[in-house]
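Only one structure is covered here, and it is reproduced in the block below.
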């Protein structure tokens with residue numbers, strides 16, 4: 001009898017709708033995660049439930065409504081997640097089943113795993129859809145999955161796909177998606193990654209030295225291999241090499257910061273302003289931290305940052321879409337999964 005295997009794809013999540021009620025529910029779950037806002041329980045509750053969510057939910061609801069409208073009335077992250085699951089399923093035999101869950105919102109990890117438990121799989125391969133490790137992304141997915149499965153009486157073989165930012169298939173997939181824009185014709189290329197508080201990357205290290213003391217902008221070492229910042233800079237170098245473009249023509253930056261604490265620098269909005277003022281008129285922007293388009297890519301970069309760039313003297317900002325459910329990404333993901341099956 002062939003072994004029954006499940007592949008569980010997990011992404012961040014999305015509100016059920018762009019209504020204020022659903023956005024509030026989503027943000028409350030998301031921002032109360034101690035791996036996302038790593039403060040004491042009481043400080044986090046007061047900050048998130050008393051300040052951030054009440055103030056942010058109405059504004060975010062408008063942004064999500066704008067995002068839904070751009071994507072024919074549905075969440076792009078959800079749409080691409082479902083399409084990715086369905087396309088990947090077609091590449092496997094009957095004894096391999098592909099499922100999709102979201103860390104926050106629906107379909108939830110507990111609900112999907114409850115369904116999977118009844119199927120009595122021999123093994124489950126968990127795939128956090130984050131190219132780079134961060135405690136607030138991959139870390140919280142793994143913790144939630146293990147919390148649920150750990151309560152099962154019979155626990156199957158569990159394999160977890162770690163960060164894959166340096167996998168040749170992932171790099172080639174992003175390059176393939178970008179080819180139609182002819183990257184070589186742009187004045188400059190910006191690689192914008194989701195940001196993290198500096199204290200999150202500082203916690204990666206056991207030598208009591210902060211991230212700033214580990215040369216993360218220039219190399220991957222045995223000490224910084226799980227540092228999000230180091231992995232992002234390495235991704236830029238790998239993509240530039242595969243694109244055949246000099247690294248001097250590229251910049252790396254970090255977006256989507258929240259609150260007053262220092263986040264990883266340089267900030268994308270500051271970088272865009274500097275590039276515009278330096279006379280770069282045509283800019284191509286990649287966002288390789290996201291495998292599916294979402295609020296941070298289509299709205300933040302595609303609209304807000306684009307307007308800012310033009311206001312400061314730029315003329316054209318072109319966003320390279322995420323991998324989404326593109327066939328090259330489906331094939332790349334199958335290649336990434338090969339050693340786990």
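Please name all residue pairs, on different chains or six or more residues apart, with Cβ atoms under 7 Å, provided the first residue is in the stretch 157-181 and is within 21 Å of residue 283 (Cβ to Cβ) and not assigned by TED's automatic domain parsing to the domain that holds residue 96 and the second residue is at pLDDT 95 or above and part of a loop (DSSP other than H, G, I, E, B).
174/288; 174/323; 177/320; 177/321; 177/323; 177/326; 178/320; 181/320
Just checking: which of the helices (runs of 4 or more DSSP H) contained wholly in the stretch 245-341 hold 1 or more residues that are in contact (Cβ under 8 Å) with a residue 12 or more places away in the chain, outside the structural domain of residue 85 (by TED's automatic domain parsing) and within 20 Å of residue 195 (Cα to Cα)?
On the way: elements: 268-277, 306-311, 327-337.
Once the helices (runs of 4 or more DSSP H) in the stretch 245-341 are filtered for at least 1 residues that are in contact (Cβ under 8 Å) with a residue 12 or more places away in the chain, outside the structural domain of residue 85 (by TED's automatic domain parsing) and within 20 Å of residue 195 (Cα to Cα), what remains is 268-277, 306-311.
Where residues in the stretch 3-35 are out of contact with any strand residue (DSSP E or B) (no Cβ under 9 Å at 6 or more places or on another chain) and not in a helix (DSSP H, G or I), which of them is nearest to residue 93 (Cα to Cα)?
So the residue we want is 17.
Suppose the filter is free of Cβ contacts under 8 Å to residues at least 40 places away in the same chain, outside any helix (DSSP H, G or I) and more than 13 Å from residue 134 (Cβ to Cβ); does residue 218 pass it?
Yes.
Tell me yes or no: at least one residue of the stretch 59-78 is touching a helix residue (DSSP H, G or I) at 6+ places or on another chain (Cβ under 9 Å), in the same structural domain as residue 159 (by TED's automatic domain parsing), assigned to a helix (DSSP H, G or I) and under 30 Å from residue 3 (Cβ atoms).
There is no residue in the stretch 59-78 that is touching a helix residue (DSSP H, G or I) at 6+ places or on another chain (Cβ under 9 Å), in the same structural domain as residue 159 (by TED's automatic domain parsing), assigned to a helix (DSSP H, G or I) and under 30 Å from residue 3 (Cβ atoms).
Among the residues of the stretch 199-219, which ones are at positive phi and out of contact with any helix residue (DSSP H, G or I) (no Cβ under 9 Å at 6 or more places or on another chain)?
208
Go over the candidates 4, 87 one by one and state the one that is touching a residue at least 40 places away in the same chain (Cβ under 8 Å), out of contact with any helix residue (DSSP H, G or I) (no Cβ under 9 Å at 6 or more places or on another chain) and either farther than 18 Å from residue 294 by Cβ or surrounded by fewer than 17 Cβ atoms within 10 Å (Cβ to Cβ) (or both).
Unique residue meeting the criteria: 4.
Which members of the stretch 111-135 meet the condition of being touching a strand residue (DSSP E or B) at 6+ places or on another chain (Cβ under 9 Å) and outside any loop (DSSP other than H, G, I, E, B)?
111, 112, 113, 115, 116, 123, 124, 125, 126, 127, 128 - these are the residues of the stretch 111-135 that are touching a strand residue (DSSP E or B) at 6+ places or on another chain (Cβ under 9 Å) and outside any loop (DSSP other than H, G, I, E, B).
Every residue in the stretch 229-244 that is surrounded by fewer than 17 Cβ atoms within 10 Å (Cβ to Cβ) and on the phi < 0 side of the Ramachandran plot, please.
Answer for the stretch 229-244, where residues must be surrounded by fewer than 17 Cβ atoms within 10 Å (Cβ to Cβ) and on the phi < 0 side of the Ramachandran plot: 241, 242.
Among the residues of the stretch 192-199, is any at pLDDT 95 or above and part of a loop (DSSP other than H, G, I, E, B)?
The answer is yes, given that some residue of the stretch 192-199 is at pLDDT 95 or above and part of a loop (DSSP other than H, G, I, E, B).
Scan the stretch 36-51 residue by residue and report those that are in contact with a helix residue (DSSP H, G or I) (Cβ under 6 Å, 6 or more places away or on another chain) and assigned to a helix (DSSP H, G or I).
Let us first name the residues in the stretch 36-51 that are in contact with a helix residue (DSSP H, G or I) (Cβ under 6 Å, 6 or more places away or on another chain), namely 36-37, 48.
Listed by number, the list holds a single entry, 48.
The values are calculated or read from the model by the stated rules, or taken from the named source; none is laboratory data. All of these numbers come straight from a predicted model, not from anything done at the bench. Neighbour counts run over all protein chains shown; Cβ positions are idealised from the backbone, glycine included.
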